[in-house]
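A single structure is presented below for examination.
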Amino acid sequence: MLKLNAGFSRKVGEPSYGSRGAIANVELGAEPDPINDPEWPDGSHPESVCPRSAGGKSPWYTAVPATANSYRRQRRSVVKHSIVLIAMSLSVMLTGTASAVKIAEKGNSHAIVVVAEGATKPERHAAAELADFLGQVTGAQFSVVCQPGDAKSRLLVGPGAARLADADFTTEGLGTEGLIIRTVGNDLILAGGRPRGTLYAVYAFLEDHVGCRWWSSKVSTIPSRPTLKVDHLDIRAVPALEYREPFWFDAFDGDWAVRNKVNGHRAGLDARRGGQHVYEGFVHTFYALIPPGKYFDEHPEWFSEIGGARVHKGAQLCLTNEQMRGELVKNLKRKLRANPSATIASVSQNDSGGSCQCAACAAVDREEGSPSGAMLRFVNAVAAEVEKEFPHVAISTLAYQYTRKPPRLVRPRPNVIVRLCSIECSFSKPLSDERNRAFRDDIVGWSKICDRLYIWDYTTNFAHYVSPHPNLRVLGPNVSFFAKHGAKGVFEQGAYQSRGAEMAELRAWVLAKLLWDPGRDADSLIDEFLAGYYGQAAQHMRAYLNIMHDAVDASGDYLGCYSPVDAAFLSLPTLCAAAAHLDAAEAAVQEDADIRQRVKVARLPIMYIFLMRWQSLREAAESANVQWPVAQSQQALHKEFMQVAKSAGITHIREHAPGFGALTEALQRH
């Protein structure tokens, strides 16, 4: 058998190569992580996977009905993008002379899905998902069995099934999430590490070789391919990041999350969807572990000394107080016993300043050159005690605001995660840019001393979720920057309390792809999403995004994560040009009610700015003698905004503030 093998390698962040038909061989190894494995085969599942009649459903799997909340088949054409998995451990080999694995022909099944009797819940779910989506793609019915005959090609799901074709098959080196897609004769192996690797193998195959896309929790592209054949494949992939969380509201949907290979703590990833990282406490946990209401009166010395007085409001803990540390360890252990699935426990500063300035803490700060020194010494001591009873639990802390600068002397223990936060940064420029030099220096410093460096990044405008926030051009460079500097996990905080934030679904999907493969080209991903989600309106949506991003580049605006509605880039000419492109987008999809609604939601940010700045923009338009691009009265525009917002399920337009109070106030002002 003649094999074409034009291998190449690259590091994360270098350009992606090739298309389907190319051969890549890249190693970005990831050590197995102590991640929660929610289920192993122990006989606890009430029904077996095996009983299933030809073309029928197994007792443990039920197809999701096509309701408003289920995935819609938006387009019935094959996505013409060649997706290559390269930024993680990857090996792709295509053989030109080998016969293809025939899955379906003219709507008739030529393969069966096989899963081992001892398969885990995630592996059984992966088999069901494969059968269901292949049925949608081809129009055929696919059986899921444990004991296959020899008449058809076998789609072997999970390590146990894989050994039917390859007795020496192993998942060694794949960790918990690595995957293998491999053809062996007329069979196709889709398997990986436990608990999630097999799921990811199935979804990678469906996405990269069949053409399925899951854009949002409600919108997908499932191509129509009555005849489906697969060329010879040998793909091995291990993700570069052990923790991947696009923290956007729509991304919390469990099906969307697992299909896009997200494993963060918030998504609905139950046992059959592979589970997830489980935290005991998530962030800002000092007072959850040492509540002032319980301890301050009796032990004020456990809390910050500021200006010669012990205080707890807007303050922290006294990190050199050993008695307090002992009580915190005791409380944390009690919480961990009550949360046995936890693999990470947060011991992290409050969301305020107020670090302790007592003589002992101040001495450590001076010695270490940063308040992170006292913090890390404290967290290390806690981690050492917790490890004795919970060796599988990592202790997570923050490098946030006053603790962002790395310490001079102390180093994190192996069971300590440091989560570096970019909250002060400019998001109109990449984090590697000179404008963000302080953060750039800090990540370089932490990467030299920390084995498990996580990133807490910010990808929305918390003051105005619905406002235009042109940060798309930095998403790819930033994720690549994190990976290049040794980050093991990335948390991309977005509008997490509501639907409807500016381009929310696009950001969640693009971030998911970048977190799985930091070397992907973000601009190409954006184009792919726009084509799939907005159909015939895609070019106009791209023009709208370009207008906004060009404006912020030209203005020099900082674009922090609390950017004001009167930022310089939100000028009247920019808003008018943006509105014109959105008008064209809506006109292009007049006959498609679903996509038209998506365009209407995408228009809300421009409407929001006009509502918030009605008087000043009205005066500017009259002075410049330009056509007014929205409704003639603020009340009419507000009514239009609210109709679309409510139909889209929007409940928040800013963080921690349910409702639409900011718009009500704007109406009252004008």
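The values are calculated or read from the model by the stated rules, or taken from the named source; none is laboratory data. Remember, predicted model here, so these are calculated numbers, not experimental data. Cβ coordinates were reconstructed from backbone atoms using ideal geometry, including for glycine residues, and neighbour counts include every protein chain displayed. Areas reflect the complete protein model, heavy atoms only, side chains present, ligands, DNA and RNA absent. Shrake-Rupley method; radii C 1.70, N 1.55, O 1.52, S 1.80 Å.
Once ligands and nucleic acids are excluded and a 1.4 Å probe is used, how much of residue 164 is accessible, expressed in Å² to the nearest 10?
Near enough 90 Å² of accessible area.
Kindly identify region 614-670 as rounded, prolate or oblate by the Cα gyration tensor criterion: order the square roots of the eigenvalues as a ≥ b ≥ c, call it rounded if a/c is under 1.5, otherwise compare a/b with b/c, prolate if a/b is larger, else oblate. Please report the intermediate quantities before stating the final value.
Working: a/c = 2.77, a/b = 1.87, b/c = 1.48.
Judged from the Cα gyration tensor, region 614-670 comes out prolate (a/c at least 1.5, a/b above b/c).
On to the next question. Note down the accessible area of residue 232, probe 1.4 Å, to the nearest 10 Å².
30
Between beta-carbons, use under 15 Å as the cut-off and find the net charge around residue 375, counting Lys and Arg +1, Asp and Glu -1. Don't jump to the answer; show the numbers that get you there.
On the way: positive: 325, 366, 377, 404, 405, 408, 411, 413, 419; negative: 351, 365, 367, 368, 442.
The answer is +4.
Same structure, new question: When ligands, DNA and RNA are left out and all protein chains stay put, how many square angstrom of accessible area per residue does region 405-501 have with a 1.4 Å probe? Present the calculation step by step, with values, prior to reporting the outcome.
Values: 2890 Å² over 97 residues.
Solvent-accessible surface per residue comes out at 30 Å².
May I pose another question? Which order do 603, 272 take when ranked by solvent-accessible area (1.4 Å probe, heavy atoms of all protein chains), largest first? If you can, show how the numbers build up before the last one.
Numbers: 603 30, 272 95 Å².
Largest accessible area first, the list is 272, 603.
If you count, for each residue, the other Cβ atoms within 10 Å and average over each peptide, how do 383-391, 528-536 line up from highest to lowest?
On the way: 383-391: 15.9, 528-536: 21.7.
Those peptides, ordered most packed to least, come out 528-536, 383-391.
When only the heavy atoms of the protein chains count and the probe is 1.4 Å, how do 265, 469 rank by accessible area, highest first?
Greatest to least solvent exposure: 265, 469.
Using a probe radius of 1.4 Å on heavy atoms only, what accessible surface per residue do you get for region 117-213? Whole Å² is fine. If you can, show how the numbers build up before the last one.
Working: 2600 Å² over 97 residues.
Using a 1.4 Å probe on heavy atoms only, each residue of region 117-213 averages 27 Å².
Scan around residue 247 for amide H atoms under 5 Å from its own, H built in the peptide plane at 1.01 Å from N, and keep only partners 5 or more places away or cross-chain.
492, 493, 494
I would also like to ask the following. Tally up the carbon and sulfur contribution to the accessible surface of region 325-470 as a whole percent, 1.4 Å probe, everything protein left in place.
50
Shape of region 567-657 from its Cα gyration tensor (a ≥ b ≥ c, root eigenvalues): rounded if a/c is under 1.5, otherwise prolate when a/b > b/c, or oblate?
Oblate.
With every protein chain kept in place and ligands, DNA and RNA left out, what is the accessible area per residue of region 525-670? Probe 1.4 Å, answer in Å². Could you put the intermediate results ahead of the total?
Working: 6390 Å² over 146 residues.
With the other protein chains kept in place, region 525-670 gives 44 Å² per residue.
OK, next. By its C-alpha gyration tensor, with a ≥ b ≥ c as the square roots of the eigenvalues, how is region 130-179 shaped: rounded for a/c under 1.5, else prolate for a/b larger than b/c, else oblate? Before the final figure, lay out each step's value.
Working: a/c = 3.24, a/b = 1.52, b/c = 2.13.
Oblate is the answer for region 130-179, as a/c is 1.5 or above yet b/c matches or exceeds a/b.
A further question follows. For residue 574, tell me the accessible area in Å² from a 1.4 Å probe, rounded to the nearest 10.
Surface accessible to solvent at residue 574 totals approximately 20 Å².
Could you order the peptides 204-210, 486-492, 282-288 from most to least packed, using the average number of other C-beta atoms within 10 Å per residue?
Working: 204-210: 20.4, 486-492: 23.1, 282-288: 18.7.
Descending mean neighbour count gives 486-492, 204-210, 282-288.
Would you tally the net charge around residue 586, using a Cβ to Cβ cut-off of less than 11 Å, leaving residue 586 out, and scoring K and R as +1, D and E as -1?
+2
Another question about this same structure. Order 216, 623, 109, most accessible first, counting only protein heavy atoms with a 1.4 angstrom probe. Kindly include the intermediate steps, with their values, before the conclusion.
Details: 216 5, 623 100, 109 25 Å².
Ranking 216, 623, 109 by accessible area, largest first, yields 623, 109, 216.
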